[in-house]
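Okay, so here's the structure we're looking at.
The values are calculated or read from the model by the stated rules, or taken from the named source; none is laboratory data. Predicted model only: the values in this text are computed from it and were never measured. Note that we place each Cβ from the backbone using ideal geometry, even for glycine, and neighbour counts take in every protein chain shown.
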Amino acid sequence: MPVKYDLCRAYLPYCMEQQEDGSYMILNRGYLPLGWPVRTWPANMPIAVHIEGLTPAIAKKISVHGRSETDHICFYDDIPTDDPSEWSAYGKRLAILAKLKLSPAQTEYPAYEDYPPPFMLIEGDEAEDILAVPSGGSDE
């Protein structure tokens, strides 16, 4: 039976990871591009962007931990939908992020197997544990 994934864990931004060229990948809870529940993607997918205006001051506002570093920014610690105040705070951080301007990072994007790993590489059962619907969650 295939693993069922929580929409929040696959489609909502969890963090931003700066790449070697200064661009960013916006990643889901499994440290994958948004919408990817598995650790693979085809070549030439536009998964990295340059973010104009991302300063340490803005990083501090959008980081769940209040960090001003711009290399790795987390937007929530765990699923923010479990607590109304966390959901509200998450929304405020994303509202700030949403005002920033994007530009394509490059015209050719490598396939997953040729891409440098994100900040925290999570594979196999551990990735499935992070993305899977928690016990007691809906599996319908």
* **Close pairs (7 angstrom Cβ cut-off, 6 or more residues apart or separate chains): of a type in the set (Phe, Trp, Tyr) in the range 51-75, surrounded by 12 or more Cβ atoms within 10 Å (Cβ to Cβ) anywhere** => PHE75/PRO13; PHE75/TYR14; PHE75/CYS15; PHE75/ILE62; PHE75/VAL64; PHE75/TYR90; PHE75/ARG93; PHE75/LEU94
* What are the residue pairs meeting all of these: first residue in the range 80-103, first residue assigned to a helix (DSSP H, G or I), second residue of a type in the set (Ser, Thr, Tyr), Cβ atoms under 6 Å, and 6 or more apart or on different chains? -> PRO80/TYR90; TRP87/THR81; TYR90/TYR76
* Going by the structure shown, is ILE47 at pLDDT below 85 and either aliphatic (A, V, I, L, M) or in contact with a Ser or Thr (Cβ under 9 Å, 6 or more places away or on another chain) (or both)? -> yes
* Scanning for something touching a helix residue (DSSP H, G or I) at 6+ places or on another chain (Cβ under 8 Å), β-branched (Val, Ile, Thr) and at pLDDT below 85, does the range 105-128 turn up at least one residue? -> yes
* Would the range 14-24 turn up any residue that is at pLDDT below 90, farther than 14 Å from LEU94 by Cβ, surrounded by 15 or more Cβ atoms within 10 Å (Cβ to Cβ) and touching a Leu at 6+ places or on another chain (Cβ under 7 Å)? -> no
